[in-house]
1. On the basis of being over 30 Å from G72 (Cα atoms) and touching a strand residue (DSSP E or B) at 6+ places or on another chain (Cβ under 8 Å), does M149 make the cut?
2. Those residues that are in contact (Cβ under 8 Å) with a residue 24 or more places away in the chain and not hydroxyl-bearing (S, T, Y), I need them from the range 343-366; list them, please.
3. Output the number of residues of the range 9-62 satisfying the condition of being in a helix (DSSP H, G or I), polar (S, T, N, Q) and touching a residue at least 60 places away in the same chain (Cβ under 8 Å).
4. Taking the residues in the range 195-239 that are touching a Ser or Thr at 6+ places or on another chain (Cβ under 7 Å) and polar (S, T, N, Q) as candidates, determine which candidate is nearest to H161 (Cα to Cα).
5. Only residues that are more than 18 Å from N140 (Cβ to Cβ) and surrounded by fewer than 18 Cβ atoms within 10 Å (Cβ to Cβ): list them for the range 375-391, please.
6. Which members of the range 11-54 meet the condition of being of a type in the set (A, V, I, L, M) and exposed (fewer than 15 other Cβ atoms within 10 Å of the Cβ)?
7. Out of A250, A245, which single residue is of a type in the set (A, V, I, L, M, F, W, C), without any contact (Cβ under 8 Å) to a residue 40 or more places away in the chain, within 22 Å of L125 (Cα to Cα) and outside any strand (DSSP E or B)?
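The values are calculated or read from the model by the stated rules, or taken from the named source; none is laboratory data. None of these values were measured; they are calculated from a predicted model. Counting neighbours? That spans all protein chains shown, and the Cβs are built from the backbone with ideal geometry, glycine included.
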Amino acid sequence: MTALPSTEELAAFRTEVRQWLAKNAPPKPKWKLPDSFMEVGTDEEFEYLQKWQRKVYEAGYLGMTWPKEYGGGGKVAVYQHVVDSEMARARVPFMVNLIGLFWAGPTILRLGSEAQKQRYIPKLLRAEEIWCQGFSEPENGSDLANAQMTAVREGDEYVLHGTKVWTSLGAYAHHMILLARTDKSGPTKYNGLSFFLAPMRVPNVETTPIRKMTGEHGFTETRFDGARIPASCLLGEEGQGWNVALTTLAFERGAEGGQAGGLAMVPLRVSQVVEMAQTVTRDGRPAIEDPVVRDRLVQFAIEERGMELCIHRMRTPALTQPRPFAVPMMAKLVMSEARRRLCAFAVSLQGENAKLYCGDPDAYLDGDFQRAYMNAFSATIGGGSSQIQMNIIGERVLGLAKG
C-alpha cells in the first residue's frame, strides 16, 4: 500500500500545483466559456477544452490515483484532491471529457476486462477519445430500467436499434456507455439489459443537436438504425447491464470515489455573489447593506463550507457512522440544489437587470449568473432528478418503505 505523504510533502506539492496553474492556465478565450461539458457545442470550444485537458494530464495532474499500467499516476487520492482544490481556487477551465473521467473510466477500471482497460483508459485520460452516455430515451424519462433500445447478437457483432436523448458531447464523442435490451423475456424490466462501450463513429449512428434554453447546443439526440458494433464492446455479462449501470450511477452521483479528477464545471462561489452585492444597488444603496441580503449570503456561505467539509468527512470512516453511505449518496442532491438556489439568488439581486442576458452590454458580468441559473437545472435532472435522489436516500440510507 502506498504511504500517505507527510504534511510537509503535501504542502510542497500544493505549492508546486499552484505555481504550475499560475504559469500554465489557458488564456481567456474571446468567446464565452461554457459552464460545463453539457454546454460544449462548437468546434472552437471543444478544441480549446480538449487541449487544456491534455496539458493537465501530461503534467501528471489527472488520473493520479489510477493504475500506472493504464496511464494513471498510481498515487494516493490525497494528491488528486489537492490538484482539484487548487483548480477550483484558480478558476481554471473544467475537463471536457468528464463522462470518461468520472463515469466511464471508473466503471471500466472496476468491471472491465484487461483488454478493455488497456484499450480505453489511456486515450480517455488524454482526451484523445471522448465519451458520452446513452441512458435516457425519449419515451422513458427517468425510468432508466425501462430502456427499450435493442441490441441483437449476430455472430461477433451486436446490431443496435433505438434512440437515446440528452447525449452530452454526442457530436464529439468517439464512444458511448450504452444501456440496451438484449432480452425481452425476463420477469422484470431489470432483466435483459446489457451494458456496452459502443463506438459512435460507425455507420447508421446519427446525432442531432438539441438547442437548450440558454441558446447552446451541448446535447444531441442519438439514433441507432441498425448500427453494428463488435461483441467485445459488451461490458460485463450479457443481461447483467442493470448492475453495471448502477455502478456507473454511483460514480456519476458521487456516491463512489475513484474518478480521475479535474473540475466538472466552472466553479461558482458565494464570494462572487458577495462581490456582486457590493456593486449592485437597492433603493440607491449597495445591496450588501441590506440586512436580509447579508443574512442570505451568510447562510449560503455556511452551506458552502458545510459541503466542503462533507467531502473531507466522506474520506474519514469514523465520521460517517452509523450511516456510512449517507454523505456520499446525498452529495449530488445537495450540491446541485445548492448551486441552483445560489444562482437564483444572484439573479434576484440584479433587480430589473436580471432580464438581461449574455451579449447585452448592460448585463452584469455579461449575464454569467443568468446563464448559470438556467444551466443549473440540468444538474438537478441528469444522473437522476432531485426527487429520485430523495427517494434513494429515504429508502437506502434511512430505511424507509417505498411509497
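1. When the stated conditions are applied, M149 passes them.
2. As a first pass, look at the range 343-366 and keep what is in contact (Cβ under 8 Å) with a residue 24 or more places away in the chain: 343-347, 349-351, 353, 358, 364-366.
Passing the criteria: C343, A344, F345, A346, V347, L349, Q350, G351, N353, C358, L365, D366.
3. Quick first cut of the range 9-62, residues in a helix (DSSP H, G or I) only: 9-24, 37-39, 43-58.
Next cut, polar (S, T, N, Q) only: 15, 19, 24, 50, 53.
Remaining after also requiring touching a residue at least 60 places away in the same chain (Cβ under 8 Å): 50, 53.
Looking only at that region, the number is 2.
4. Checked the range 195-239; the qualifying residue nearest to H161 (Cα to Cα) is T222.
5. Matches in the range 375-391: F377, S386, M390.
6. Residues satisfying the conditions are A11, A12, A22.
7. A250 is the lone residue from the list that is of a type in the set (A, V, I, L, M, F, W, C), without any contact (Cβ under 8 Å) to a residue 40 or more places away in the chain, within 22 Å of L125 (Cα to Cα) and outside any strand (DSSP E or B).
Here is a yes/no grid of residues against (1) modelled with pLDDT under 95; (2) under 22 Å from the mean Cα position of the chain (by Cα):
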residue	(1), (2)
G141	yes, yes
N146	yes, no
E157	no, no
G162	no, no
W166	yes, yes
L178	no, yes
